[in-house]
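Q: I have a structure I would like to understand better, so I am pasting it below and will then ask my questions one at a time.
Computed from the coordinates by the stated procedures, all read-outs in this text should not be read as laboratory data. Fair warning: this is a prediction, and the values are worked out from it, not measured in the lab. Here the Cβ positions follow ideal geometry from the backbone for every residue, glycine too, while neighbour counts run over all protein chains shown.
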Amino acid sequence: MEQINTIRTQALECVSKAQTLSELNDARVRYLGKKGEIQALMKEMKSLPKEEKPAFGAAVNELKQEVSQVIEERKIELEELEMNKKIENEKIDISLPGRQFKLGNKHPLRIVQEELEDLFVGLGYQVIEGNDIVNDEYCFERANIPKDHPARAMQDSLYIDPEWLLRTHTTAIQMAVLEESAPKLPIKVVCPGKVYRRDDDDATHSHQFMQMEGLVIAEKVTLADLKGTLEFMAKKLFGEDKKIRFRPSYFPFTEPSVEVDVTCHICNGKGCPTCKGTGWIEILGAGEVHPNVLKMAGYDPEKCNGFAFGVGIERVAMLKYGIDDIRHFYTNDQRFNDQFKRYE
Ligand code: DAH
């Protein structure tokens, strides 16, 4: 009986000292396991006199139950303790400053391109893109610029072979659209894209830049339609107070041809260094599509006509945002690009 009491004291102490579930499990094995101390007591029963056996057996059983119970209770305590420890360790410190994710923004040329597309889509135009590599026929011949034409020299370009080159103007897309559409009417498209020319790179020139071509072909389209369209565009781009004016010009693919100016955004028409004192700033070339161009594409110039224009996207962006050097667009300086987030 004394031995039972010793084991009881030890077992209870051992269980209450267990600080983890695994220590508790060690205690369980030590006292309740098959080779444990309580089991060993049971074996000793054999050597006892018969009359002592029942009392001893009952006491060992009682001990076994008692130890089982305290182990169970301690187990619940320890589980709770371990859970709390885990929660404590996983606690998120919400006072820590978060990591900054830098969100990019659209490039200014993309912003202007999309603005132009949006305003023309609003007028019922379709947006059509073409290939950067075109052949001589679509870049020049169909634009009424034959092989010996001096206008070729102005756009003397980047040839891949004598037949294929990087398009020098989006007018090449215009020619492809005309041919694909003929003889359907009307055509109303804008064609944005990169263009390439052998050109000196300076503050206002680049060997690669962007244009957007406009083309409308229907019955009885007049220069007044062109003017109304371009005035609408200028007002949307530069402000409702702006006006445009036409100056006579020359392009092989239009007749008559015009150069289009918009009220200077710096002096609002009074005259300043930016507009060289004229009050006007040139923004694009345009005109009535030349009958030869229509004929080559499969249209009858007696039955339809139309207008075309080609606007430089860099030029619009430079005027709109007051950018003084075209090269800023291409150097990918994040400090430059970041400034256009608010215009998206
Ligand atoms: N293709 C001309 C250029 O690159 C721009 C242009 C002028 C396009 C007049 C046109 C137009 O469609 O009618 O300089």
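Q: For the range 158-220, what are the per-bin percents of Cα-Cα distances with bins 10 Å wide, up to the bin holding the maximum?
A: 20, 41, 27, 12, 1
Q: Order these by the 10 Å Cβ neighbour count, fewest first: 225, 148.
A: Placing the least packed residue first, the sequence is 148, 225.
Q: Would you mind ranking 272, 14 so that the residue whose beta carbon has the fewest other beta carbons within 10 Å leads the list?
A: Going from sparsest to densest Cβ surroundings: 272, 14.
Q: What net charge do the residues around residue 258 carry, taking every other residue with its C-beta under 14 Å from that of residue 258, with Lys and Arg at +1 and Asp and Glu at -1?
A: -4
Q: Sticking with this structure for a sec: Tell me which lysines have Cα within less than 20 Å of residue 227's Cα, excluding those fewer than 8 residues away on the same chain?
A: The qualifying lysines are 188, 235, 236, 242, 243.
Q: Okay, moving on. Please give the length that would be gained between residue 35 and residue 13 if that part of the chain were fully extended, namely 0.36 nm times their separation in residues minus their C-alpha to C-alpha distance (nm, one decimal).
A: My answer for the length gained is 5.9 nm.
Q: Still on this model: Suppose only helical runs count, i.e. DSSP H with n ≥ 4. What mean residue ellipticity at 222 nm does that imply for the chain under -39500 (n - 2.57) per run, divided by all residues and rounded to the nearest 500 deg cm²/dmol? Could the numbers behind the result be given before it?
A: Numbers: 12 runs with 142 residues, N = 344.
Helices in the chain give a 222 nm mean residue ellipticity of -13000 deg cm²/dmol.
Q: With N denoting the number of residues in the chain, provide Rg(C-alpha) divided by 2.2 N^0.38 Å, to two decimal places.
A: Ratio of Cα Rg to 2.2 N^0.38 Å: 2.17.
Q: Further question on the same structure: Per the Kirkwood formula on distinct C-alpha pairs, the Rh of the range 223-344 is how many angstrom?
A: 16.2
Q: Per-residue counts of other Cβ atoms within 10 Å, averaged by peptide: what ranking do you get for 95-104, 26-35, highest first?
A: The packing order, highest mean first, is 26-35, 95-104.
Q: Per residue of the range 252-266, in order, report the coupling 6.51 cos²θ - 1.76 cosθ + 1.60 (Karplus, θ = phi - 60°) as ³J(HN,Hα) in whole Hz, putting x for Gly and Pro.
A: x, 9, 9, 7, x, 10, 9, 9, 10, 10, 10, 3, 4, 7, 7
Q: Rounded to two decimals, what is Rg over Rh for the range 41-173 when you use alpha-carbon atoms and the Kirkwood radius?
A: On the Cα set of the range 41-173, Rg over Rh gives 1.82.
Q: OK, next. How do 24, 215 line up, fewest other C-beta atoms within 10 Å first?
A: Starting with the residue having the fewest Cβ neighbours, the order is 24, 215.
Q: Tell me which residues come under 5 Å, amide H to amide H, from residue 254 once H is placed; ignore anything under 5 positions away on its chain.
A: Result for residue 254 returns 290.
Q: Once you measure Cβ to Cβ distances between cysteines in the chain, which Cys have no partner under 4.7 Å?
A: When partners are defined as cysteine Cβ atoms under 4.7 Å apart, the chain leaves 14, 139, 191, 304 without one.
Q: Filter the GluC sites (Glu not before Pro) in the range 278-326 to those in DSSP coil with at most 12 other Cβ atoms within 10 Å of their Cβ, and list the result.
A: Passing both the DSSP loop test and the Cβ count: 302.
Q: If each of residue 84 and residue 106 carries a label point 7 Å out from its Cα toward its Cβ, how far apart are those two points in nm?
A: Label-label distance for residue 84 and residue 106, simple model: 5.8 nm.
Q: Sticking with this structure for a sec: State the Cα centre-to-centre distance between the range 158-192 and the range 1-72 in whole Å.
A: Comparing the Cα centres of the range 158-192 and the range 1-72, I get a distance of 97 Å.
Q: Taking only the alpha-carbon atoms of the range 214-265, what semi-axes of the equivalent ellipsoid follow from 5 times the gyration tensor eigenvalues under a square root, in whole Å, largest first?
A: Working from the Cα gyration tensor, I get semi-axes of 21, 14, 8 Å.
Q: Taking the Cα-to-Cβ direction at residue 132 and at residue 94 and moving 7 Å from each Cα, how far apart do the two end points lie in nm?
A: 5.0
Q: For the range 209-227 and the range 275-334, what is the separation of their Cα centres, given in Å?
A: 11
Q: From the square roots a ≥ b ≥ c of the eigenvalues of the alpha-carbon gyration tensor of the range 2-89, which class results: rounded (a/c under 1.5), prolate (a/b over b/c), or oblate?
A: Prolate is the answer for the range 2-89, as a/c is 1.5 or above and a/b outweighs b/c.
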